[in-house]
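Quick notes on the structure that follows.
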Amino acid sequence: MPWFYYIARGLLIGLFKLLTRWQVKGRENIPKEGPVLVVANHLNLADPPLLGVSLNRKVIFMAKEELFRSSLGAYFVRGLGSFPVHRGKLDRQALRSSQQVLDDGMVLAMFPEATRSRNARLKVAMPGSALIACHGGVPILPVGITGTEQLKGGWLFRRPRLTVNIGKPFQLPPVDGKLTREKLVEYTDIIMQRIAELLPPQYRGVYAGKVKV
């Protein structure tokens, strides 16, 4: 449903410019073509649309399965370029969908923490992003989002500053032998460290000690 995607994108850009002080840093780091796995922290329901319009490529999101339970909801969420994932368990269909997006040379975005942080600080991430990155062998583009935690209450009168900080793409070290649970944890920490480096210290949470000074 490309017509809906592009109309929604235009509307969202207008709303973010009008209602917030939105800035994007590091757009030059976005690969102009080819598969990319985008990973970001998650503070608010506004993060997916904000991230989507901050990148100058069409982005496909892995979204929680609950958003697809109604026919109307599924229609709009899929139209915005998302597919469902069941959180808290190994969702093989979501993994296959993720791989297909990357095989098609597109941009896949996900939030490794799997849910919003209630205190705006990074939480322990799930290994899904590392698993997809290892299987796909694609560049990973880290993004740090700040300010969306302010989108509550009377935020319309404050025009909060929203910042999307895009880092340089990187790849995980090659897997030597079997991809073990321990290796996935190690690779997940690498991914989260790259995100933490793009965030102010007060947002880094459990990964504050892993940031290289």
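Where a number appears in this text, it was derived from the coordinates with a stated rule and is not lab data. Worth saying up front: this structure is predicted, and the values here are computed from it rather than measured. Note that each Cβ is placed from the backbone with ideal geometry, even for glycine, and that neighbours are counted across all protein chains shown.
When the Cα positions of Gly14, Val53, Ser82 are compared along the charge dipole of the chain, Gly14 comes out farthest toward the positive end, with charges on each C-beta of Lys, Arg, Asp and Glu.
Our helix-only sum for the chain, with -39,500 (n - 2.57) per DSSP H run of n ≥ 4 divided by its residues, gives a mean residue ellipticity at 222 nm of -10500 deg cm²/dmol. A simple spin-label model places the labels of Arg116 and Arg159 2.4 nm from each other, with each point 7 Å out along Cα-to-Cβ. What is the extension gain from Ser71 to Glu28, computed as 0.36 nm multiplied by their sequence separation minus the C-alpha to C-alpha distance, in nm to one decimal? Extra length from Ser71 to Glu28 when fully extended: 11.7 nm.
For segment 108-185, the mean projected area of the C-alpha convex hull, equal to one quarter of the hull surface, is 6.3 nm².
Fully extending the segment from Lys152 to Tyr6, taken as 0.36 nm per residue of separation minus the present Cα-Cα distance, adds 49.9 nm. Cross-link partners of Lys212 among lysines, defined as those whose alpha carbon lies under 23 angstrom from its own and excluding same-chain residues fewer than eight positions apart: Lys25, Lys123, Lys168, Lys183. Between Arg57 and Glu182, the FRET efficiency estimated from the beta carbon spacing at R0 = 41 angstrom works out to 0.75.
Placing dummy labels 7 Å off each Cα toward the beta-carbon, the span from His135 to Gln202 is 3.9 nm. By the combined test of axial Cα extent (at least 18 Å) and Kyte-Doolittle hydropathy (mean at least 0.0), the qualifying DSSP H helices of the chain come to 2-19.
Once the chain from Leu45 to Lys168 is taken as fully extended at 0.36 nm per residue, the excess over their C-alpha distance is 41.8 nm. Here the chain yields Rg over Rh of 0.94, to two decimals, using C-alpha coordinates and the Kirkwood radius.
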